[in-house]
Amino acid sequence: MIDLDVHLDAIRLGDVAAFGRFVAGAERGVRESLRSFAAQVDCEAVVQETFLRAWQLAPRLEADGRPNTLLRFAVRVARNLAISEARRARAKGVDPATFDEVPEISPSAPPDPILRRAIEECRDKLPQRPSQALAARIETGGAEPDEALAARLGMRTNTFLQNFSRARKLLGECLESKGVAL
Amino acid sequence: MTPEEREALVAAVTTAHRERGARGEIRGHRAYYDLDDAGRVEAFDETARQRALEAALDAQGLSSTARAILARIR
């Protein structure tokens, strides 16, 4: 079993690269734990806020002898943030049962080179404009809004979003034909 | 809302870019609030797939969400 606590001592000392390795292994699980809130809160914002708090609070976190202390802590933080945000927004119909259901989560495996090759083969087949939109999103890592990416590519924002959607659809179909499901 | 408009909103929500609020908190994406419940869940699932794809393409397994987080703490 993968135990992301192998990075905990370095994270406590302020090692950003170690925290990056933790985030790489923990993001999927934290995100999945929020799915029941997807209609009530923007979970992307919650995921990002969660990891910023995990970074800030990790030095004070005591390991409890079980694996993945920091991941379990992050899931708890994420769900508390989501509940708080749902209440703040007065979201309709927040099911109280949702509050108690902390799902079992596990860390992600390291990147798979075979999967990467399959994705790259499918990316190579994309038409130019959808390929550019997808690349812009991936390469900027959330640093810029779509309006800026679209302007750089000489597209209107709506055209950029259409091209991005088309890229995702074509990529999904290509990967499916290879038997790959993301 | 036309299917094309809905699709554009879902695509907009899948970015890892999020603005900061006045107190430094990370704010929800504007497009998220224009979607109905089904559209929001669709955006969640599409984002999860997109992040898996980004992480798979990155040598360190970092998605755009991970890179946005690390940029904030560096």
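Could you please give the count of residues in segment A:62-95 that are closer than 25 Å to A:Ile2 by Cα, out of contact with any helix residue (DSSP H, G or I) (no Cβ under 6 Å at 6 or more places or on another chain) and outside any helix (DSSP H, G or I)?
Total meeting the criteria: 5.
Tally time: how many residues in segment B:28-37 are more than 8 Å from chain A (Cβ to nearest Cβ) and of a type in the set (Gly, Ala, Ser)?
Residues that pass the stated criteria total 1.
Could you list all residues from segment B:22-66 that are more than 12 Å from the chain's Cα centre (by Cα), small (Gly, Ala, Ser) and closer than 18 Å to A:Ala78 by Cα?
B:Gly24
Right, A:Asp9: free of Cβ contacts under 8 Å to residues at least 24 places away in the same chain, among the charged types (D, E, K, R) and farther than 20 Å from B:Thr14 by Cβ or not?
Numbers: free of Cβ contacts under 8 Å to residues at least 24 places away in the same chain: yes; among the charged types (D, E, K, R): yes; farther than 20 Å from B:Thr14 by Cβ: yes.
Judged against the criteria, A:Asp9 is a match.
Can you spot a residue in segment A:117-139 that is within 9 Å of chain B (Cβ to nearest Cβ), of a type in the set (S, T, N, Q) and in a helix (DSSP H, G or I)?
No; the residues of segment A:117-139 include none that is within 9 Å of chain B (Cβ to nearest Cβ), of a type in the set (S, T, N, Q) and in a helix (DSSP H, G or I).
Scan (1) modelled with pLDDT under 95; (2) surrounded by 15 or more Cβ atoms within 10 Å (Cβ to Cβ) for the single condition A:Thr159 breaks and write down its number.
Only one criterion is unmet by A:Thr159, namely (1).
Which of the following residues is facing chain A (nearest Cβ under 7 Å), among the charged types (D, E, K, R) and under 15 Å from A:Ser165 (Cα atoms): B:Glu7, B:Glu42, B:Glu25?
B:Glu7
Please verify whether segment B:32-50 includes one or more residues that are surrounded by 23 or more Cβ atoms within 10 Å (Cβ to Cβ) and over 29 Å from A:Cys174 (Cα atoms).
no
A quick yes/no check of all residues on (1) buried (at least 20 other Cβ atoms within 10 Å of the Cβ); (2) more than 9 Å from chain B (Cβ to nearest Cβ); (3) at pLDDT 95 or above; (4) touching a Cys at 6+ places or on another chain (Cβ under 6 Å):
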residue: A:Ala10; (1), (2), (3), (4): no, yes, yes, no
residue: A:Phe19; (1), (2), (3), (4): yes, no, yes, no
residue: A:Gly29; (1), (2), (3), (4): yes, yes, yes, no
residue: A:Cys43; (1), (2), (3), (4): yes, no, yes, no
residue: A:Glu49; (1), (2), (3), (4): yes, no, yes, no
residue: A:Arg53; (1), (2), (3), (4): no, yes, yes, no
residue: A:Arg87; (1), (2), (3), (4): no, yes, no, no
residue: A:Asp100; (1), (2), (3), (4): no, yes, no, no
residue: A:Ile105; (1), (2), (3), (4): no, yes, no, no
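Is it the case that segment A:28-41 has a residue that's closer than 19 Å to B:Thr65 by Cβ, touching a Lys or Arg at 6+ places or on another chain (Cβ under 9 Å) and of a type in the set (Asp, Glu)?
Scanning segment A:28-41, I find no residue that is closer than 19 Å to B:Thr65 by Cβ, touching a Lys or Arg at 6+ places or on another chain (Cβ under 9 Å) and of a type in the set (Asp, Glu), so the answer is no.
Considering only chain B, give the helices (runs of 4 or more DSSP H) lying wholly within it that have at least 1 residues that are out of contact with any His (no Cβ under 7 Å at 6 or more places or on another chain), over 18 Å from A:Thr157 (Cα atoms) and modelled with pLDDT of 95 or more.
B:37-57, B:64-73
Starting from residues that are among the small types (Gly, Ala, Ser) and over 20 Å from B:Phe44 (Cβ atoms), keep the ones in segment A:142-182 and report whichever is nearest to the other protein chains (Cβ to nearest Cβ). Walk me through how you get there before you give the answer.
Taking segment A:142-182 first, the residues among the small types (Gly, Ala, Ser) are A:142-143, A:148, A:150-151, A:154, A:165, A:167, A:172, A:177, A:179, A:181.
Next cut, over 20 Å from B:Phe44 (Cβ atoms) only: A:143, A:148, A:150-151, A:154, A:177, A:179.
Details: A:Ala143: 6, A:Ala148: 9, A:Ala150: 11, A:Ala151: 14, A:Gly154: 18, A:Ser177: 16, A:Gly179: 15 Å.
In this case the residue turns out to be A:Ala143.
Provide a single number: the residues in segment A:123-182 that are of a type in the set (Gly, Ala, Ser) and in contact (Cβ under 8 Å) with a residue 40 or more places away in the chain.
Qualifying residue count for the region: 1.
The values are calculated or read from the model by the stated rules, or taken from the named source; none is laboratory data. Quantities reported herein were computed from a predicted structural model and do not represent experimental measurements. FYI the Cβ positions are ideal-geometry reconstructions off the backbone, even for glycines, and counts take in every protein chain you see.
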